[in-house]
Structure formats: C-alpha cells, structure tokens
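Remarks on the structure that follows.
The values are calculated or read from the model by the stated rules, or taken from the named source; none is laboratory data. All values reported here derive from a predicted model rather than from experimental measurement. Backbone-built Cβ (ideal geometry, glycine too); neighbour counts: all protein chains shown. Side chains are part of the model used for accessible areas, which takes the heavy atoms of the whole protein and leaves out ligands, DNA and RNA. Shrake-Rupley method; radii C 1.70, N 1.55, O 1.52, S 1.80 Å.
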Amino acid sequence: MIGDYKPFVEEAVIREIEILAKRLKGIKVLHVNSTREGGGVAEILHRLVLLMNEVGVKTDWKVIKGDKKFFTFTKKLHNLLHMPGRFEIDSEEVVYYLKITYENFERIDTENYDVVIIHDPQPMGLIAKKVKGQKWIWRCHVDTSTPDPAAWKFIETFINAYDACIFHMPEFVYEKIKIPTFTIRPSIDPLHPKNVDLSPEEIKKIVSVFGVDPEKPIILQVSRFDRLKDPFGVMRAYRMVKKKYASQLVLLGGFAPDDPEGEEVFRELKEQAEGDKDIFLLNLPPDSHREVNAFQRAATVVVQKSLREGFGLVVSEAMWKGKPVVGSNVGGIKRQVVHGVTGYLVNTVEGAAWRIRQLLANAELRESMGNHAIERVRHRFLIIRHLRDYLLLISKLISSAPIL
Ligand code: UDP
C-alpha cells in the first residue's frame, strides 16, 4: 500500500502521487526491457510496476526475447555507449539486431497502450510499431555523456522517433540529442525484502551459511559479474588492504540473461582468488534478496569500483543500511556518494585500498558516514519520489494541461 511508505517520505509527496494518479486514470502504460531478473532495471521495474498499478495507473511490463548472439551484440553496444572502445559495429550484427527486433514485433503487443516506455538499447527498435496517438519514451540507464560515435549513430536512428527520453542525470544527456530529454534518478524500495530491517541474529546466520566470519571485517562488492564493475580491481585493492588489516573480501554477484559475459568473468575471478580462503566469490540466484540484504548489513565497508556506471543501485542499497561506500568517481556513483561525508570517491585501485584502510581503522567515522548516507538516500533515492517523477512526466506528455 502506498500508505505504507508514510514513515519514509513527507505526506505531501504521497498526496501529490494520489492527485497525479487520479489525473491519469484510464491511461494504459507499458514498460519493455530485456530481462525479468538480474540487474538494476529489472529490480526497479518489479517495484515500480506494482506501485503504478496500486495507485490506479494500469501498467504492464513485457520482456523481449533474444538469443546469445543478439545479447552479445547489445552488450557490446551497451559498453560502447558508456565509452568509445576498440570494437566496431559490423553490418551483419545490425542485420541480426533488426531480425530479432522484428521477431519481437509479434510477441510484444504495444498497440493497446497510451504510453510505451522502452528501457535501454536492447528493445529500442520496437519504436517502429508506434501508432498515432501514442507517446513513446526511451529510458536510458547508461552513462551516454561520451559515447562511441558509431554506437551513438546506431541508436540515433531509433531515438529520433521517440517523443522523449529519460536519463539518470543531466550530464548523461549527449549533446546531439534532438528530442525532449528529462532527468529522473533511479531509486530503491525501502519495503523490498532486499532493504527491510534484519535482526543481527539473522544477518549473522545468513553470512555464516556461506562460510563468512561475521566477527571479522568484511569488504563487500555486490554486482553482476561484469568487467565494467571491475571486480578484478576490487580484488587488487583488497590484497593491498590485507597486508595491514586482517579482513575478508566478498564479491557477491550473479548472471543476467541479457549479459553473456558473466560466466567468463566469474571463471577468471575464481582463478585469481585461488589460495586465499578469505575471498568469497558468491554466485547467487537472482531472488537472493535477503542474502544480499544480510551481506550489505554485515559489511564493514562497501565498495563499488565500477569503471563506468549508469547509476549503481547497490550504492544506495548499502547507504540505506548505514554503510560508508568507497565508490569510483564515475556515473551515478558520483551522484550518490558525497566524498568525505557518506563515503569516498576514488579514481584508482590504490585510492580504493587507501580509503578502505582508513574506514577499517575508524569505527566512529564509519558510523557517522553511515548516518549521513541513510539521510541522503531518504531524501533523494527512494521509490516514492521515483514514482512521482514518472507520473509527472507521463502527465506532461499526454496532456496539454499545466503540470502541478
Ligand atoms: N543484485 C542482486 N544479486 C546479485 C547482483 C546484483 O540481487 O548477485 C542486485 C543489486 O542488489 C541491485 C541490482 O541487482 O539491486 C543491480 O543494480 P545496479 O544498478 O547496481 O547495477 P546493474 O546490474 O543494473 O548494472
């Protein structure tokens, strides 16, 4: 129930949502992405779609189908949108992308919706199905501030047919974009099993099941096994820390069906971790919410050492649990971590090791940063604000009436 969020937000925000929802009554909204589990987009959609329906805005969520070849191409595209790379996009890949997109035309009925929201590049070709009277929004979850020109050129073909696009932060809006752009920050749900309070006994019990010692400092990174999350850099930083502080490293991750790289990264990490019984590589199923929650709460320091990052929900998740985060100075991490207040932003492996050591040495500092972190998430990164932003944008797009 929307009322259950009252302890977390001002009553006025809930009231605003109710007014907007009333205005949108009768409107049908569709979200489309490329996976129902694994990664932040799926994580958000599970909760957002539920809440949109609950406030009375009829909302569906559909997932496109693709095979390994399709997702290998879209993962490359994803990486190239984050930064120019040494790969090129060849015409055979483009043809294959269009073929799979075309197959999804049949599967994904979009006609019966007033507003269609397409998440990320994988399903963006569905725009060819747009019919008169509909509004289509492209929701970008990538840092596209400096994309590879060829990758941008490829997605631009589709973008210009949309009515609007949404980015996480103003800095992500690429200068060449020609359609209206909006900024909406992602969010976490305080009522999700991943974020609800857990008793100290439950936390200890869960981490112990995996062989992790709850009494010994834990350095944690939670992320899909993806090179862009730099788990190898985290391992190097941990090894520097370990020379001075006895500690454990937990790399908790999983695979996403739309990311074929995961298994290879996991294998390489396993090789590199061999011989160190204080390194825990945990490959958990996507519904391991309580486990992720417990590890985030058990952690002494949380790290997010991504080389590039769209937003990084895991950062807010850890902050909400009162943890200081040592995060890379990139993408959405920069937005969440306030350097020196809620954690530290770092540019190198050595910098990460230095800040982790600093935090391990000072429990008081950890606690005060953790308290600031909770407040920052409460004011900026909770789902109620996210829901309000979506309703506001939809309201603006479908009506000429002035927005609130
Ligand atoms: N996550 C999870 N299990 C894992 C790895 C990640 O439940 O093994 C969750 C994590 O808690 C977060 C989301 O997946 O809610 C990842 O979102 P984020 O924005 O941090 O990264 P993305 O995977 O979208 O790049």
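With protein chains left intact and a 1.4 Å probe, residues in the chain average 43 Å² of accessible area per residue. Which one, Asp109, Asp90, Asp67, has the greatest fluctuation when you compute a Gaussian network model over the chain with C-alpha springs under 10 angstrom? Of Asp109, Asp90, Asp67, the Gaussian network model singles out Asp90 as fluctuating most. About its Cα centre, the dipole of segment 131-218 is roughly 440 debye, where the only charges are +1 on Lys and Arg Cβ and -1 on Asp and Glu Cβ.
Taking the protein heavy atoms of segment 245-381 in the context of the full set of protein chains, the accessible area attributed to carbon and sulfur is 46 percent at 1.4 Å. For Cα pairs less than 8 Å apart in space and 6+ apart in sequence, what is the mean separation divided by the residue count of the chain, i.e. the relative contact order in percent? Averaging sequence separation for qualifying contacts and normalising by length gives 17 percent for the chain. Loop sites by DSSP among the trypsin sites (Lys or Arg not before Pro) of the chain, restricted to those with at most 10 other Cβ atoms within 10 angstrom, leave 278-404 as the longest stretch without any of them. Could you list, in their original order, any pairs among Lys62/Lys135; Lys22/Lys65; Lys194/Lys242; Lys75/Lys194; Lys28/Lys194; Lys205/Lys270 whose Cα atoms are separated by more than 22 Å? Among Lys62/Lys135; Lys22/Lys65; Lys194/Lys242; Lys75/Lys194; Lys28/Lys194; Lys205/Lys270, the Cα-Cα distance tops 22 Å for Lys22/Lys65; Lys194/Lys242; Lys75/Lys194; Lys28/Lys194; Lys205/Lys270. When all alpha carbon pairs of segment 153-276 are counted in 5 Å bins from zero, the resulting P(r) reads 2, 8, 12, 13, 14, 15, 13, 9, 6, 6, 3, 0 %. Rg and Dmax of the chain, based on Cα coordinates, read 21.2, 65 Å.
So if I take the centroid of the Cα atoms in segment 36-59 and the same for segment 284-312, what is the distance between those two points in Å? For segment 36-59 versus segment 284-312, the Cα centre distance is 20 Å. Residue-wise HN-Hα couplings along segment 46-54, as the Karplus relation 6.51 cos²θ - 1.76 cosθ + 1.60 with θ = phi - 60° gives them from phi, are 3, 8, 5, 5, 4, 5, 4, 5, 5 Hz; Gly and Pro carry x. Using Cβ point charges alone (K and R +1, D and E -1), the dipole size of the chain about the Cα centre works out to roughly 660 debye. If only the Cβ of Lys and Arg carry +1 and only the Cβ of Asp and Glu carry -1, the dipole of segment 111-156 around its Cα centre is close to 240 debye. 3J(HN,Hα) along segment 110-121, derived from phi through the Karplus expression 6.51 cos²θ - 1.76 cosθ + 1.60 where θ = phi - 60°, amounts to 10, 4, 7, 10, 7, 10, 10, 10, 9, 9, 6, x Hz, with x in place of Gly and Pro.
Considering only Leu281, Ile394, Phe154, the residue lying farthest towards the positive end of the dipole of the chain is Ile394, judged by Cα position with unit charges set on Cβ.
Rolling a 1.4 Å probe over the protein heavy atoms of segment 58-158, with every protein chain left in place, gives an accessible area that is 55 percent carbon and sulfur.
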